[in-house]
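Take a look at the structure below.
Every number here is computed from the coordinates shown, using simple stated rules; none is lab data. In this text the structure is predicted, and so the values were computed from the model without any measurement. FYI the Cβ positions are ideal-geometry reconstructions off the backbone, even for glycines, and counts take in every protein chain you see.
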């Protein structure tokens, strides 16, 4: 029977810069700061895809989008892939889910009338779902109504009224309450995934958190540049992607976002206290990250999309109580969400699946560094489903739909974006760390393109690679 507990926490749409321990000028995150002080914080950590389903597919399976092929919300996750929950079961746990995983079911594994085929918000295979906040978020909404509050039937409209009620009736508090009730009933070792919705939009913080940050005090975003590529114009053409055009609107959006962070951070503090009270703080491995980031007005955009770094730079904090040598360290190496699954397998002392594209972060947790490590981070974005008909028309002869995708990579000095239509963008991040103005440097662009080809070659699908069938000896 396992003797260690595992707590995997995702904070949806959480920007990697929005931590007070990362030096943010405005937002305060005391619970996350305390975890970082007693664990390891990865300062340059990246999600591999956006929006939610693609980002989570990479996180849960340890594979890049080019291999798992979950390209949008609703793209089925091939059932052949191993994942965090299945690995936990092999290690002897009954993995429990609180919230959601946004993974569409492989349609080949069920009958044509299975209701799970009609939603992208499916539960990752392997989890026991304790509370399901997919679709209408009915458990939370019913609980709010049972406490005497009248809220809209539409789930997003209901979330947009969170400031009308005390914070203890918010969706973050509700999910934490359910986890804490479950946790109090556990008599043995456990594995839990607490998947918080916030700070995902709508930009409306719960209760007093809606007024916790003064819009006049928040920083302004990176300005919207002149469109450098047709995709930027495309993104701005969707109503949900354009940030408020007026300064007050942007400031209010940012203040509400920071309020939602403050709310969910407070809920994490409740969990830390419960672990201490149960004498489990030093028996629990904790991993905190996000599925993707949030533009928050940067480059004129909100939510998550395109190639800009705010959509992919996310927090990552890991505390393994068995590895005190690394506690309090901040890692500046490029790390990625695909690294978390192999790290988890390492921590559970089980084999890492050959499908995995990431690498275990264990050497960093021990206070050291691996013998070799990546010098660039990568992420992918696919917008074929923003283009009606382009993804299926004339297949297989007409493959124009596959042109609607990009791969981005960044090093210490350079940002490079390769579009599937053959065009590219190059940024000098030493001169312009905001990715605002592309440069024209053919030699440097060629170097980055070659580095990306090497990356793709190194991470091509490998499950059966290096295995051979041949006659038995003798």
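For region 8-69, treating each Cα as an identical point scatterer without solvent, what Debye log10 I(q)/I(0) comes out at q = 0.25 1/Å? The Cα Debye sum returns log10 ratios of -1.08. When the alpha-carbon atoms of region 183-316 are used, the pair Rg, Dmax equals 18.3, 59 angstrom. Sorting 52, 21, 129 from the fewest to the most surrounding beta carbons within 10 angstrom yields 129, 21, 52.
A straight chain from residue 402 to residue 118 at 0.36 nm per residue would run longer than the Cα-Cα distance by 99.8 nm. Residues 120, 64, ranked from the fewest to the most other C-beta atoms within 10 Å, line up as 120, 64. For region 327-474, what does the alpha-carbon gyration tensor say about shape, rounded, prolate or oblate, given a ≥ b ≥ c as the root eigenvalues, a/c under 1.5 as rounded, and a/b over b/c as prolate? Taking the square roots of the gyration eigenvalues as a ≥ b ≥ c, region 327-474 is oblate. If you average the C-alpha positions of region 1-75 and of region 314-386 separately, how far apart do those two centres end up, in angstrom? If you average the Cα positions of each part, the centres end up 11 Å apart.
Remark: C-alpha extents of the chain on the principal axes read 74, 59, 52 Å, sorted largest to smallest. Here region 265-306 is treated as a sphere whose radius is the Kirkwood value from Cα pairs; by Stokes-Einstein at 20 °C and 1.002 mPa s it diffuses with a coefficient of 165 µm²/s. Note on region 291-360: Cα-only Rg and Dmax are 15.3, 45 Å. Answer rounded, prolate or oblate for region 40-126, using the Cα gyration tensor with square roots of eigenvalues a ≥ b ≥ c: rounded when a/c is under 1.5, else prolate when a/b is larger than b/c, else oblate. Taking the square roots of the gyration eigenvalues as a ≥ b ≥ c, region 40-126 is oblate. When 137, 374 are arranged by Cβ crowding within 10 Å, least crowded first, meaning fewest neighbours, the order is 374, 137.
When restricted to Cα atoms, region 66-193 yields an Rg and a Dmax of 16.7, 48 Å, respectively. Of all DSSP bridge pairs formed entirely within the chain, close to 45 percent run antiparallel. Once Rg and the Kirkwood radius are both taken over the C-alpha atoms of region 120-204, their ratio Rg/Rh works out to 0.98. Give the relative contact order (percent, whole number) for region 403-449; include only Cα pairs under 8 Å separated by 6+ residues. RCO, region 403-449: 28 percent. Prolate is the label for region 379-458, because a/c, from the alpha-carbon gyration tensor with a ≥ b ≥ c as root eigenvalues, is 1.5 or above and a/b exceeds b/c.
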